[in-house]
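Report on one structure; see the data block that follows.
The values are calculated or read from the model by the stated rules, or taken from the named source; none is laboratory data. Since the structure is predicted, the reported quantities are computational estimates derived from the model, not experimental observations. Every residue, glycine as well, gets a Cβ built from its backbone with ideal geometry; the counts of neighbours run over all protein chains shown. To get the accessible areas, we keep the full protein, side chains included, count just its heavy atoms, and leave off ligands, DNA and RNA. Shrake-Rupley method; radii C 1.70, N 1.55, O 1.52, S 1.80 Å.
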Amino acid sequence: NGAICIQPCSPSFHGETSFVCEERKWQMFADACASLDIQSLFQPVHGKPGHGAKYFGADDHGNSNCQADFSCIIPEILSSPAIPGNIADIVELLKKISLLLSEDVNRGKMQSYIRIANHILNSSVISNWAFVRDRNAGSILLDSVNLFAGKLLLRNGSESIQEPFISTKGYSIHKNTSGKRFDFSMEFNNTGNITGHVVIPEEELLKLPKTSKAVSIAFPTLGAIIETSRLDPGFVNGMVLSVSLPEELRHILLTFEKVNKLENVKAQCVGWHSTERRWDTRACAMKSDNISSVVCNCKHHHRTFKSFSILMSPTMLRNAALDYITRVGLGLSIFSLVLCLIIEAVVWHHVTKTEITYMRHFCLVNIAMSLLIADVLFILAAIVHHTALNYQLCVAATFFLHFFYLALFFWMLTLGLLILYGLLFVFFKITRSVFIATAFSIGYGCPLVISILTVAITEPKNGYLRSGACWLNWYETKALLAFVVPALSIIVVNVVVVVVVVVKTGRSAVGEGCKSQDLRNMMRISKNVALLTPLLGLTWGFGLATIVESRSLAFHITFALLNAFQGFFILLFGTLLDRKTREALRMNCLSSKRKCSLAKVNIF
């Protein structure tokens, strides 16, 4: 998330690790007005960033100065008019560079990058941004510059690169025991002489465990550019200032000179939320305000573990309770599923003697296996996003996460259809081989097709991943629907299965003629519903609430509580409360004790 001051001033403050969500996707837009084909200039030969790529103007062997600083493309870009089509292409180009070529960002690379960005940030082309097809282009540009500048290498402890409409400064900072704060200014003499001032308080510097760096990027025109695509009544009356800080630092003071110095202009410090493309009033608080400047006290949150509710919700909420529920729930779920699979392996020959019990336990094992792998991948995806920051790894993690969570639902559908088969087609027998072939086609075949189609359709448009997490995109391409729609459809089918079970259970008690049986009948129905709810994934239906009310913390917490612990519920209701499984475990224990006793007799 970010921080910005609407009306009189506009900082966009972010932490290296958590404040501004980094874009992990590309999205090329064809525009009839575009005269500069940026896409044809950028042609990486190999998939790994920074290794053997053929860049702008490179020869067949990939030898060019462009590999070092992209300088060969600057004349062509600067000579092209900043019309809407070219603006869109240049934004995508800068995003590609920030994703693929942001390793070892030296002064030369940063200068070239800043010059390219400066071309489309010119005050004379602000009105052209209103006609750019992607309404989030300004936000994408901000994210891309933040990501690239955050990797800037500092020579002799500092670096400063200035262009008329964008400026970058970087400084080495370290733990300060002298009681002094660290501060520096950002100035633009060519655009109304507006300035910004960054102050890191002395108490914050004491939190640094080692020498780190602070990188600031100032944009005097970006606030007006973002306004062109928004309907907010407020206006940005100063520069946009982004500051990349170590994760240990929580607070920073940002001072901004007002462009419009009228007394009746009221200031408000807010932050730019890159994930949701909106201003966030929780990011900054106003410390002081006068006719010429305003001081904002901005804070950033530590990176939190991704909430489990992100799987169904378009919005990713930051909350300590969600973080705790997700960690505990997934940990207990993984442990429970491993225990469930061990128990199934131990009692398999005892509980699969009939065709119907074999099919039931076959589905249960695959449900547990799919959920176990998906939960582990959920954790790994968070680790990949937080530490590796590798786009290809994030795509791979999202693909397999999507596949295995879909597999979970399709195996729950298979179990639901098996229950219907047992209730409605009593005299119709299905062979074990036919069942296995059908079950694998549904359980793994359908998810594989959906997962491949999703990545094949959205990734070329750079809309597979969402901002700030290794998971399916929502705001640009609605790729998340490739998970939500199948999941909710399967839940509806399984709800019908539960209704049929309840009806059948109720009918079995009709004719018993004793009122004392009513309570027993209700208990039987309740038990069946309780047993089937986690096995058929009915609690995931609450994810619909997180879609409709995506910013409701109560809905997110409820969803996480119901579904992060699904592995534990499967162990409890699918294994431990199953009478035949308990009997098989008891027989196995007695057999083990008998073998142990015989061994002792033979020894003596």
The answer for trypsin sites (Lys or Arg not before Pro) in the stretch 117-194 that fall in a DSSP coil and have at most 12 neighbouring Cβ atoms within 10 Å is K180
Contour minus Cα-Cα span, F131 to K266, at 0.36 nm per residue, comes to 45.6 nm
Expressed in angstrom and rounded, the centroid-to-centroid distance over alpha carbons for the stretch 129-144 and the stretch 406-469 is 38 Å
On the formula 1/(1 + (r/R0)^6), with r taken between the Cβ atoms of F425 and F400 and R0 of 35 Å, the FRET efficiency rounded to 0.05 is 0.50
At R0 = 41 Å the Cβ-Cβ FRET efficiency linking L339 and S433, nearest 0.05, sits at 0.85
Whole-Hz Karplus couplings 3J(HN,Hα) for the stretch 325-336, θ = phi - 60° and coefficients 6.51, -1.76, 1.60, Gly and Pro as x, run 4, 5, 5, 5, x, 5, x, 5, 5, 5, 4, 5
For T281 and R551, extending 7 Å from Cα along the Cα-Cβ vector and measuring point to point gives, in nm, a value of 0.9 nm
Counting only backbone N atoms under 13 Å from a point 7 Å out along Cα-to-Cβ of L544, the residues of the stretch 394-425 in range are none
Taking a crude spin-label model, label points 7 Å out from Cα along the C-beta direction, the L154 to S185 distance in nm is 2.0 nm
To the nearest 0.05, the calculated FRET efficiency linking L590 and V485 through their beta-carbon distance, R0 being 56 Å, is 0.70
Here the Cα Rg-to-2.2 N^0.38 Å ratio for the stretch 197-251 is 1.50
Computed over the stretch 369-463, protein heavy atoms only, probe 1.4 angstrom, the accessible area per residue in square angstrom equals 44 Å²
PRE zone check, label point 7 Å out along Cα-to-Cβ of E203, amide N under 20 Å, scope the stretch 276-290, hits 283-289
Expressed in Å to one decimal, the Kirkwood Rh of the stretch 332-585 from all distinct alpha-carbon pairs is 19.6 Å
Once K210 and A456 are pulled to full extension, the length gained, defined as 0.36 nm per residue separation minus their Cα-Cα distance, is 84.2 nm
Going residue by residue through the stretch 88-102, the Karplus relation 6.51 cos²θ - 1.76 cosθ + 1.60 with θ = phi - 60° gives ³J(HN,Hα) values, rounded to whole Hz and with x marking Gly or Pro, of 4, 5, 5, 4, 5, 4, 4, 5, 4, 4, 5, 8, 9, 10, 9
S79 and K580 label points (each 7 Å along its Cα→Cβ direction) are spaced in nm at 7.9 nm
